[in-house]
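Below: one structure, written as structure tokens.
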Ligand code: AMP
């Protein structure tokens with residue numbers, strides 16, 4: 001790590017914007033060869049791994065031999081190998097060099113966290129992808145000097161019983177010595193001290209991020225988080241604690257809500273009584289109407305708001321736009337704990353229409369075509385990165401330098417175009433099929449469209465859906481979809497009943513509609529949950545070691561996810577059944 005760290009520091013600090021663009025253009029031009037080279041590099045580096053040896057590659061590194069010998073796998077297939085690593089077997093199992101760190105994936109989809117091997121090569125790909133996104137962003141929205149108000153939180157680090165360090169992927173990135181150099185080079189140094197980012201309590205951390213942001217308000221040139229959820233969460237919290245923040249600034253003391261000694265010490269170095277600033281912030285806050293334009297009002301030099309804003313994060317865009325006013329919202333990159341995939345090189349495009357260009361040097365990619373033939377979903381043989389077709393949907397398969405070979409990520413994407421010969425993709429959804437009872441097939445994306453359409457009725461009443469999820473209820477025959485909503489304000493039964501029927505009607509999948517018509521699927525049910533229910537879900541995941549930075553509300557709760565289901569069910573205050581197909 002030390003040697004690698006020094007090398008990385010040089011790479012990061014000496015990076016030249018034009019060179020990064022040139023490199024990107026040349027790599028995407030020659031994507032097919034770059035992919036072959038990437039595969040070769042990965043296979044050569046890990047030739048001694050037991051897993052690869054057992055598959056009979058015998059030193060071959062070409063894509064054809066690779067595909068012939070190595071099977072497509074899911075996490076479940078690799079779990080026995082990963083468990084041995086986690087239990088302290090340091091022999092070359094999946095990689096040539098032993099794995100000493102693992103990332104805990106958020107596990108929000110299945111309710112079960114996964115251990116993903118982590119190594120320095122993955123950090124290097126992180127820097128690569130950040131660099132690429134940064135240079136394109138900086139061309140459109142230049143930042144000369146400044147700081148970032150970054151709502152980032154590290155998760156707790158733990159040691160497995162085998163002595164392997166486990167943290168979330170974002171934590172593994174933040175704690176790498178190269179991270180600070182990278183943020184500095186990208187003019188995205190956090191306004192908050194490290195103690196705030198690495199605080200064991202995210203509520204305290206968030207309060208201090210806000211306080212630091214206000215202290216350095218003139219210097220804040222961008223506001224960011226890994227996922228948009230954390231941005232909205234932060235400003236919703238601001239609405240509740242702003243007077244306390246103003247008090248702290250006026251008096252130069254830190255609220256008692258921050259108890260952790262290391263944060264108190266770090267913050268005390270920054271805090272000085274500043275009645276002038278306190279008065280200014282107070283005046284600005286009371287002058288806002290329903291907090292519209294809060295971000296530019298508080299941070300006059302902010303150029304943009306940055307974070308992953310596509311996929312399940314799209315729901316938060318409306319609220320974020322409300323806070324951001326005219327300040328542009330930029331979606332950042334596309335990746336997973338398993339590895340980075342693609343960069344946003346057209347930052348001016350609104351997140352709803354954003355695409356990401358796959359970087360051919362960061363992993364070896366394959367794409368499983370997802371097709372419907374005669375109403376049945378069929379999976380065809382995977383194709384290579386440069387052989388995907390515009391307009392088609394695929395599941396991503398990746399081979400990374402940290403021991404995942406032909407690993408099915410479970411994300412569905414659509415190919416929108418090409419940048420030179422590298423595909424430009426749009427994220428579709430986490431798993432292609434999510435809500436299904438019989439012949440119906442609705443994805444995370446379909447659910448989002450349905451929620452968006454029906455919540456317009458709430459918007460007319462000046463209310464909004466704070467968060468949502470879904471569940472398949474099979475306790476009665478026929479089974480039916482249940483959608484859980486937490487809303488702001490108090491909507492009338494009549495409005496909610498209309499929303500419920502609209503939710504049902506907005507699932508337009510032919511299998512769903514026909515099943516609803518013949519009562520093969522029961523009426524959709526909207527269950528309203530108490531305020532703060534989704535906060536409880538977030539806290540449940542944080543308790544499991546998920547970093548708030550990586551949190552994603554599960555959009556469909558599997559029956560095995562008993563704790564989340566219990567939280568939801570205990571907090572239902574009303575329920576409505578749709579009359580769409582009566
Ligand atoms: P994690 O399991 O915490 O590593 O989260 C990774 C998952 O987050 C990916 O597999 C995607 O489903 C989702 N994700 C990451 N980046 C994006 C993006 N740019 N747009 C939509 N979803 C994303």
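When the Cα atoms of segment 424-582 are enclosed in a convex hull and the volume is divided per residue, what value in Å³ results? Write down the numbers at each step before the final one.
Values: hull volume 20.6 nm³, N = 159.
Hull volume normalised by residue count: 130 Å³.
Where does the Debye-calculated log10 I(q)/I(0) of segment 110-210 sit at q = 0.11, 0.17, 0.19 Å⁻¹, using only Cα point scatterers of equal weight, no solvent? Summing over Cα pairs of segment 110-210 leads to -0.40, -0.90, -1.06.
Assuming 0.36 nm per residue, please report the length gained on full extension of the stretch residue 251 to residue 180 beyond their Cα-Cα distance. Walk me through the numbers on the way to the answer.
Details: separation 71, 0.36 × 71 = 25.56 nm, distance 3.11 nm.
Stretched out fully, the residue 251 to residue 180 stretch lengthens by 22.4 nm.
Dimensions of segment 32-170 from C-alpha coordinates, computed as largest minus smallest value along each principal axis and given longest first, are 53, 41, 27 Å. Using the Cβ-Cβ distance between residue 41 and residue 19 with R0 = 22 Å, the FRET efficiency computed as 1/(1 + (r/R0)^6) comes to roughly 0.60. What the Cα atoms of segment 141-257 give is an Rg and a Dmax of 15.2, 50 Å. Taking only the C-alpha atoms of the chain, Rg followed by Dmax gives 24.1, 71 Å. Once the chain from residue 272 to residue 292 is taken as fully extended at 0.36 nm per residue, the excess over their C-alpha distance is 4.3 nm.
Could you tell me the relative contact order of segment 411-469? Use alpha-carbon pairs under 8 Å, at least six residues apart, and round to a whole percent. Mind dumping the intermediate values first?
On the way: 59 pairs, mean separation 11.8, N = 59.
Over segment 411-469, the number comes to 20 percent.
Its convex hull of Cα atoms gives segment 18-101 a direction-averaged projected area, equal to a quarter of the hull surface, of 6.9 nm².
Using a 10 Å cut-off on Cβ atoms, rank the peptides 243-255, 477-489 from the highest mean neighbour count down. Intermediate results must be reported in sequence, preceding the final value.
On the way: 243-255: 17.5, 477-489: 19.4.
Peptide ranking by packing, descending: 477-489, 243-255.
Under the simplified labelling scheme, the residue 475-residue 301 pair shows an inter-label distance of 5.7 nm, with each label point 7 Å from Cα along Cα→Cβ. Compared with the direct C-alpha span, the chain from residue 569 to residue 536 gains 10.7 nm at full extension, assuming 0.36 nm per residue.
Counting helices only, and only those DSSP H runs with n ≥ 4, report the 222 nm mean residue ellipticity of the chain as the sum of -39,500 (n - 2.57) divided by its residues, in deg cm²/dmol to the nearest 500.
Counting only the DSSP helices, I get -12500 deg cm²/dmol.
For residue 510 and residue 416, a Förster radius of 25 Å and the Cβ-Cβ distance give a FRET efficiency of 0.55, rounded to the nearest 0.05. Normalised by the number of residues in the chain, the mean separation of alpha-carbon contacts (under 8 Å, six or more apart) gives a relative contact order of 15 percent. How far apart, in nanometres, would the label points at residue 67 and residue 387 be if each is projected 7 angstrom from Cα along the Cα-to-Cβ direction? Using points 7 Å along Cα→Cβ, the separation is 0.3 nm.
First obtain the Kirkwood hydrodynamic radius of segment 164-215 from its Cα pairs, then insert it into the Stokes-Einstein equation at 4 °C and 1.567 mPa s, and state the resulting D in µm² per second as a whole number. Spell out each step's value before the answer.
On the way: Rh = 12.0 Å.
Result for D is 108 µm²/s.
Computed over segment 212-343, the P(r) tail beyond 26 angstrom holds 30 percent of alpha carbon pairs. Modelled this way, with points 7 Å down the Cα-to-C-beta line, the labels at residue 201 and residue 439 are 5.6 nm from one another. Measuring nothing but how far apart in sequence close Cα pairs (under 8 Å, 6+ apart) lie, relative to its length, segment 374-503 scores a relative contact order of 15 percent. log₁₀ I(q)/I(0) of segment 382-481 at q = 0.14, 0.16, 0.23 Å⁻¹, via Debye over equal Cα point scatterers, no solvent, to two decimals? Here the Debye-derived log intensity ratios amount to -0.76, -0.88, -1.17.
Ranked by the mean number of other Cβ atoms within 10 Å of their residues, highest first, the peptides 560-573, 195-208 fall in the order 195-208, 560-573. Relative protection proxy for 98-104, 62-68, 143-149, from highest mean packing down: 98-104, 143-149, 62-68 (other beta-carbon atoms within 10 angstrom). Annotation: the antiparallel percentage among DSSP beta bridges lying fully within the chain is about 70.
The numbers here are math on the coordinates, done by the rules we state, and not lab data. Please read these numbers as outputs of a predicted model, since none were measured by experiment. Backbone-built Cβ (ideal geometry, glycine too); neighbour counts: all protein chains shown.
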